[in-house]
Amino acid sequence: MKRDEPKNNCPAIDHDPVSIANSAIPSLYLDADLYRDDLRDRSLSKEQEDELLQTLWNIMSIFVDIGCGVDTVQVILPELFKNVAHDSKELLESKGASYLHEIEMTETQEKVLIYCRVPDTKQKTEGSGLESQEFRCRQYAAEKGYTIESVFHDDVSGGGDFAKRPGMIALLNYLEKNKKSSYVVIFDDLKRLARDTMFHWQLRHAMANFGARLECLNYKFYDMPEVEFIETLFAAQAQLECQQIGRQTRQKTKARLEAGYHAFIAPVGFKYIKSKAGGKILVKDEPAASIIAEAMEGFASGRFQTKQEVRYFLEAAPEFPKTASGKISNNRADDILANPLYAGYVEYKPWGVTLRKGKHEGMVNFTTFQKIQERACRPCLCPGP
């Protein structure tokens, strides 16, 4: 990388930002001949080498501009405007108060929609992720002189698919209903859009179709192919991180299941408490646990002849949790009768975790559970090795 020598033979022009920039800060340019040796074994023509090197140069230049959230122009301009501020102020004052008011109104005409997202409800209730994101976006909008019209929140991941996020769908619907208005959509991090390359660009195009302009606190959007390439890299990196986190979570969850611990939402009749061995463990949640035990033992013994009778029994128990209608579906009763967790066992077929003794206490013994499966005409379950 070489720098042009300052052109000292050119007279300086007072208060001209371009002249000040040229005289004070040497420009960068690409000397392709310095890098041709690195392309020697690629069998490229001189024109192809020039095109490839120029493209890489442009990409790296953009990385420098957007790196760490600092634009080189932002570094230059404050010094430039120190020289022009005085004359600019006099010029504006000479136009009168009405002209200043017109400029002020123009700056504040931009209407803003803020989007904030955390990947789960726990971060919303126990953390301050949404609040801190919104605060930073509001601060950014205030600095820009924007008018905030609405804020949209999401506390779900959606696996990268923005169609699974209620807040994002609400934002898109808002843009569609207000097509005649121009909006700036602000978010604090590029990853808030989508942790999936395909969905990232689908969302970008959807907002562009509604006439919205995106502004991100840690990324600058430019209408250049090189920048779109970099943006795609960032979206792909976010997707990779999401997939890696998902893989690690699955591996840890599977290992816990294999150790005999239930690792998902506690079913009715159970609740989680902290385990002395680490993590959480299922324990009985009364009075629902005793009601379920009576229903299962009643079906195994023949007291209840059908699953429907089990359902009637559960519906008649005032302390058993039910829907707002006070009813329980046959499927729910069947799920309880078929779930080995209630016998103190753990199994998860989608991940190949075979039936095994769990670390929690069941509501019926395994013999009773086997009788239930026989009466329900299901294959008997046998614990794995």
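The values are calculated or read from the model by the stated rules, or taken from the named source; none is laboratory data. Bear in mind the structure is a predicted one, so any value in this text is a computation, not a measurement. With ideal geometry, Cβ positions are generated from the backbone for all residues, glycine too; neighbour counts draw on all protein chains shown.
Below, the figures for the structure above:
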read-out: Ser27 being modelled with pLDDT under 75 and either β-branched (Val, Ile, Thr) or not assigned by TED's automatic domain parsing to the domain that holds Ile230 (or both); value: yes
read-out: Residue satisfying condition, being modelled with pLDDT of 90 or more, surrounded by 15 or more Cβ atoms within 10 Å (Cβ to Cβ) and within 15 Å of Val364 (Cβ to Cβ), within set Val283, Val310; value: Val310
read-out: In the range 223-243, the residues that are outside any helix (DSSP H, G or I) and not acidic (Asp, Glu); value: Met224
read-out: Any pair with Cβ under 6 angstrom, 6 or more apart, that starts in the range 107-131 at a residue that is closer than 13 Å to Arg192 by Cα and part of a loop (DSSP other than H, G, I, E, B) and ends at one that is acidic (Asp, Glu) and at pLDDT 65 or above; value: Val118/Asp155
read-out: Sole exception among (1) under 24 Å from Ile372 (Cα atoms); (2) modelled with pLDDT under 90 for Ala238, by number; value: (1)
read-out: Criterion: among the β-branched types (Val, Ile, Thr) and within 26 Å of the chain's Cα centre (by Cα) - qualifying residue of Ile273, Ile281, Ile291, Ile245; value: Ile245
read-out: Check on Met198, aliphatic (A, V, I, L, M), in a helix (DSSP H, G or I) and farther than 17 Å from Ile169 by Cβ; value: yes
read-out: Boolean, Lys276 is farther than 17 Å from Asn365 by Cα and among the charged types (D, E, K, R); value: yes
read-out: Strands (runs of 3 or more DSSP E) wholly inside the range 244-363 containing at least 2 residues that are aliphatic (A, V, I, L, M); value: 280-284, 353-357
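Residue-wise test of (1) out of contact with any helix residue (DSSP H, G or I) (no Cβ under 6 Å at 6 or more places or on another chain); (2) in the same structural domain as Tyr115 (by TED's automatic domain parsing); (3) farther than 23 Å from Thr232 by Cα; (4) not in a loop (DSSP other than H, G, I, E, B).
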site: Arg138; (1), (2), (3), (4): yes, yes, yes, yes
site: Ala141; (1), (2), (3), (4): yes, yes, yes, yes
site: Ile169; (1), (2), (3), (4): yes, yes, no, yes
site: Lys191; (1), (2), (3), (4): no, yes, no, yes
site: Phe221; (1), (2), (3), (4): yes, yes, no, no
